[in-house]
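K.L.:
Got a structure for you, questions after.
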Amino acid sequence: MSATDAIIHAQDLSRWYGIVMGLNNIDLHIPPGLTGLVGPNGAGKSTLIRIITGQIRPSSGELTVFNERPWNNPRLLRQIGYCPEDEAMPDDLTPLLWLESLGLISGISAGKVGPRCRDLLHRVKLAEEHWPKTIGQYSKGMRQRVKLAQALLHTPRLLVLDEPMNGLDPMGRQEMQQILKQLSDEGVSILISSHILPELEALCSHVVILNWGRVMASGSQTELRTLLPQMLDGKTGGANRGPSRYFLRSDAPQRLVQVLFAEGLLDGFHMEEDGLMAVHLSDPQSFHDRLPALLAAHGIALFEMRSQDCSLQDIFNRITQ
Amino acid sequence: MNLAPPQHEPQESVDLFAASRGLWRLLWRRQLVWRRLLGPAAALGGFTLLSWLVLANAPNDNAFYGWVVVFYFLMVMPLFCLNVCGAMIREEAAANTLCFFTTRPLKRSEIFLMFYFGHMVWLQIVFLIQTLLLFGIGILVGRDVLGFLPIFLVCQFFGLMSWGALCAMLGMLHARYVVLGLVYGLVVEVGIANIPTNLKYLSLSHHLRTLLVQHDGVNQVFGNTLSAEGWGWSLVGLGAGTILFLIAGAALFTWRELINAPAER
């Protein structure tokens, strides 16, 4: 992704809360589409999101969204929808009244705001039978849906969601994923912060990993997987050479194990079913270099080879450990 | 279920009057919740009871005017404004709901002004009820006070606007706006306002008293020195104060972030 394609640019961006560091001199380019923002608590995710949505300003450096600074910028804020992580909502109001009021504040005309809010509540799949209840009577998952609806009120080009899957049951998460995918298909760019990494993995084409206020990695999932060994080399001085656990499926699994042990490439293995075995490599780089020759020399056919530790969770764990 | 892409096209600029209607709907519904009504109801009830106790044994109408000017206009009104307008945005920040407003396509100064005018409508309604109760007691205890009502209502309107603007600005200035307000009140509105120098024109209480003494009954209680100044300049003073405090408050809200982030805490 080139920097010119990006919708969000950050350069030398830092943010401090007194002596507490929120973001530490980060450079970042986020492309259009679905982007996941990943990091442990205190990594700087919420700080970054607050700067993007114009709630706080950078202490130094610059962040632009659609080439404009977000702070106190109504023209830009009209293009951004924000769904906060916090549970705080006006508990005494019905969702329709709350959404209609926020819709009027967002500039939707009085004639259009009612149908628009009803449309959105349908869209976030909040059953109509719950509409007359006050938000205080809602479950966590229902509140998440209402929060998402308020973020969509002014038809944003960029939707920023802070932990939107929190409190949703598995079915609710699936529905939320569907809604987000559909919005993405309609051309809405989505930045989504979540700690539920398998769901981000399924949803997001691009991932930004934050830790200690710094960007540890950023790119498409494919790029991250490809670059992981180099990134870890830089971090460990070359000691870590990428994934060391693989699933292998061959026509002669026992012979393959014998060969790998004999060559000193294997630390251990576990036989699964149907010729599949999980292996733990002692020297991943040497394994990659020599495997084709070894297979040819011993006449072993390899049907499948996949890493055990290249899920987003694994990448995240290995980068942040 | 409608899953079609939204048809709504956002307007180029937000109609501030319509946006204020939206905010007013939120404020109105929130203020009318029972547990939130208890505070104003207790304040109204307490003041009414106190007024009855004071005025029932008063020998003449002067007691009513003294009570209204000193206690109602210069104590109850500013303290009530401090409670309502000082908290108007900090309350949202503390509840983590301010982001629902600051991420809307509005300038922060516009949000501040919308909050101010929304709360001001609420304050004017509460104080109109209080006026009815106060004059009701006055009539009940046999005082001839109805002639005072027109000037009272004018002063109440401008008093609330200016006290509210001052308190909204103090709320933006510091989290301990109540302490700040009390210190400001003692130094400027009580102290400087009563010192016979030109500095007294900086106090809102001086201008309010000048307006109130345009009524003969009040004039008898507080003397002729104030009435000689004329009501025109006092109205200008209150109006200018209101505008200046609002500009300062809006500037502070544009400058300050006021988020309740855990990291910031």
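K.L.:
Rg and Dmax of segment A:92-198, using alpha carbons, in Å: what are they?
P.N.:
Considering segment A:92-198 through its Cα atoms, Rg and Dmax are 13.5, 42 Å.
K.L.:
Among A:156, A:164, A:132, whose mean-square fluctuation peaks in a Gaussian network model of chain A (Cα, cutoff 10 Å)?
P.N.:
A:132
K.L.:
Taking only Cα atoms, what is the 0 to 90° angle, nearest 10, from helix B:149-173's long axis to the longest principal axis of chain B?
P.N.:
The helix B:149-173 is inclined about 50 degrees to chain B.
K.L.:
Work out, step by step, the length gained on full extension between residue A:261 and residue A:247: first 0.36 nm times the residue separation, then minus their alpha carbon distance; give nm to one decimal.
P.N.:
3.5 nm
K.L.:
Only sites in a loop by DSSP and with at most 12 other Cβ atoms within 10 Å count here; which GluC sites (Glu not before Pro) in segment A:165-226 make the cut?
P.N.:
Those that pass, being in a loop and sparsely packed, are A:186.
K.L.:
In the Gaussian network model of chain B, springs joining C-alpha atoms below 10 Å, which of B:212, B:180, B:132 carries the largest mean-square fluctuation?
P.N.:
Of B:212, B:180, B:132, the Gaussian network model singles out B:132 as fluctuating most.
K.L.:
Moving on. Extension gain residue A:223-residue A:137, at 0.36 nm per residue separation less the Cα-Cα distance, in nm?
P.N.:
So the chain would gain 26.5 nm between residue A:223 and residue A:137.
K.L.:
From zero up to wherever the largest Cα-Cα distance of segment B:79-126 sits, split into 5 Å bins and tell me the percent of pairs in each.
P.N.:
Spelled out per bin, shortest first, that is 5, 20, 29, 25, 14, 6, 1.
K.L.:
Oh, and also: Name the residue from B:190, B:240, B:76 whose Cα lies farthest towards the positive end of the charge dipole of chain B, charges +1 on Cβ of Lys and Arg and -1 on Cβ of Asp and Glu.
P.N.:
Checked the options; the winner is B:76.
K.L.:
If you average the C-alpha positions of segment A:34-52 and of segment A:89-158 separately, how far apart do those two centres end up, in angstrom?
P.N.:
If we compute the Cα centre of each part, the gap is 25 Å.
K.L.:
Take the cross-link list A:45/A:140; A:133/B:107; A:45/A:181 and give me the ones stretching past 28 Å between alpha-carbons.
P.N.:
Result: A:133/B:107 exceed 28 Å.
K.L.:
Would you please calculate the Kirkwood hydrodynamic radius of segment B:38-255 over all C-alpha pairs and express it in Å, rounded to one decimal?
P.N.:
For segment B:38-255, the Kirkwood estimate is 18.1 Å.
K.L.:
Among A:295, A:126, A:23, which one shows the highest mean-square fluctuation when chain A is modelled as a Gaussian network with alpha-carbon springs under 10 Å?
P.N.:
Fluctuation is largest for A:295.
K.L.:
Something else about it: So how far apart, in nm, are the two label points at residue A:91 and residue B:56 if each is 7 Å from Cα heading toward Cβ?
P.N.:
4.0
K.L.:
Which residues of segment A:39-54 show a drop of at least 30 Å² in accessible area when all protein chains are present, compared with their chain alone (probe radius 1.4 Å, heavy atoms only, ligands and nucleic acids excluded)?
P.N.:
Listed by number, the residues meeting the 30 Å² cut-off are A:50.
K.L.:
Another question, if that's okay. Label points 7 Å out from Cα along the Cβ direction at residue A:127 and residue B:175: separation in nm?
P.N.:
4.2
K.L.:
Continuing with this model, one more query. Taking the Cα centroid of segment A:185-205 and of segment A:249-321, what is the distance between the two, rounded to the nearest whole Å?
P.N.:
31
K.L.:
Using Cα centres only, tell me the gap between segment B:86-114 and segment B:176-227 in whole Å.
P.N.:
After rounding, the separation between the Cα centres reads 32 Å.
K.L.:
Then there's this: Any idea which of A:135, B:27, B:122 is furthest toward the positive side of the dipole for the protein assembly as shown, if Lys and Arg beta-carbons carry +1 and Asp and Glu beta-carbons -1?
P.N.:
Farthest towards the positive pole: B:122.
K.L.:
Rounded to the nearest 20 debye, what is the charge dipole size of the protein assembly as shown about its Cα centre when +1 sits on each Lys and Arg Cβ and -1 on each Asp and Glu Cβ?
P.N.:
So the dipole magnitude of the protein assembly as shown works out to roughly 1240 debye.
K.L.:
For the B and A pair, go ahead and give the buried accessible area with a 1.4 Å probe, both sides summed, in Å² to 100.
P.N.:
In total, this chain pair buries about 4400 Å².
K.L.:
Evaluate 2.2 N^0.38 Å with N set to the residue count of chain A, then give the Cα radius of gyration divided by it.
P.N.:
Dividing the Cα Rg of chain A by 2.2 N^0.38 Å gives 1.21.
K.L.:
Once amide H atoms are built 1.01 Å from N in the peptide plane, which residues 5 or more positions from residue A:220, or in another chain, come under 5 Å H to H?
P.N.:
A:207
K.L.:
Mind checking which aspartates and glutamates have their C-alpha under 12 Å from residue A:125, skipping anything on the same chain fewer than 8 residues away?
P.N.:
Of all the aspartates and glutamates, those that pass the test against residue A:125 - Cα under 12 Å, at least 8 places apart if same chain - are A:175.
K.L.:
Residue A:185 to residue B:16: FRET efficiency via 1/(1 + (r/R0)^6), r the Cβ-Cβ distance, R0 41 Å, to the nearest 0.05?
P.N.:
The formula returns an efficiency of 0.70 here.
K.L.:
Sort all Cα-Cα distances of the protein assembly as shown into consecutive 10 angstrom bins from zero, then give the percent of pairs in each bin up to the one containing the longest distance.
P.N.:
3, 14, 20, 18, 14, 12, 8, 4, 3, 2, 1, 0
K.L.:
With every protein chain present, what is the per residue accessible area of segment A:3-222 (1.4 Å probe, Å²)?
P.N.:
35
K.L.:
So, with a 1.4 angstrom probe, what is the percent of accessible area on the protein assembly as shown that is carbon and sulfur?
P.N.:
59
The values are calculated or read from the model by the stated rules, or taken from the named source; none is laboratory data. What you see is a predicted model, and the numbers here were worked out from it, not measured in a lab. Because the Cβ atoms are built from the backbone with ideal geometry, glycine has one as well, and the counts that use them run over all protein chains shown. Each accessible area value is taken on the protein alone, full model and side chains, heavy atoms only, with ligands, DNA and RNA left out. Shrake-Rupley method; radii C 1.70, N 1.55, O 1.52, S 1.80 Å.
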